[in-house]
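The values are calculated or read from the model by the stated rules, or taken from the named source; none is laboratory data. This is a predicted model, so every value here is computed, not measured. All Cβ positions, even for glycine, are placed from backbone atoms using ideal geometry, and neighbour counts span all protein chains on display.
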Amino acid sequence: MMAYLIIVLAIVVISFVFLGFNIFFRRKSFPETEIGRNKEMRKLGLSCPKCDEIRDYRNRKTIPRINPSTLRIIKP
């Protein structure tokens with residue numbers, strides 16, 4: 001039973017070393033996954049959804065209102 005535990009533990013350690021090879025040994029940084037900070041995503045024209053919402057809210061001159069009786073948007 002103890003032999004199986006040691007074998008499994010060794011396999012897990014080896015797996016972590018292989019998965020993190022670039023980070024542990026080559027000193028490469030972990031790839032940036034945040035859309036707003038990733039240069040490649042900005043080149044493609046992608047941006048943070050939260051920033052898009054804030055930008056759209058600022059660009060909107062007036063807030064559209066909804067008529068409760070007809071459920072249609074009333075443009076001011």
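Of all residues in the stretch 42-53, which are surrounded by 11 or more Cβ atoms within 10 Å (Cβ to Cβ) and not hydroxyl-bearing (Ser, Thr, Tyr)? Scanning the stretch 42-53 gives Arg42, Leu46, Cys48, Cys51, Asp52. From the list Lys61, Lys28, Lys75, Lys39, the one residue that fits, being surrounded by 10 or more Cβ atoms within 10 Å (Cβ to Cβ), among the basic types (Lys, Arg), modelled with pLDDT under 85 and on the phi < 0 side of the Ramachandran plot, is Lys28.
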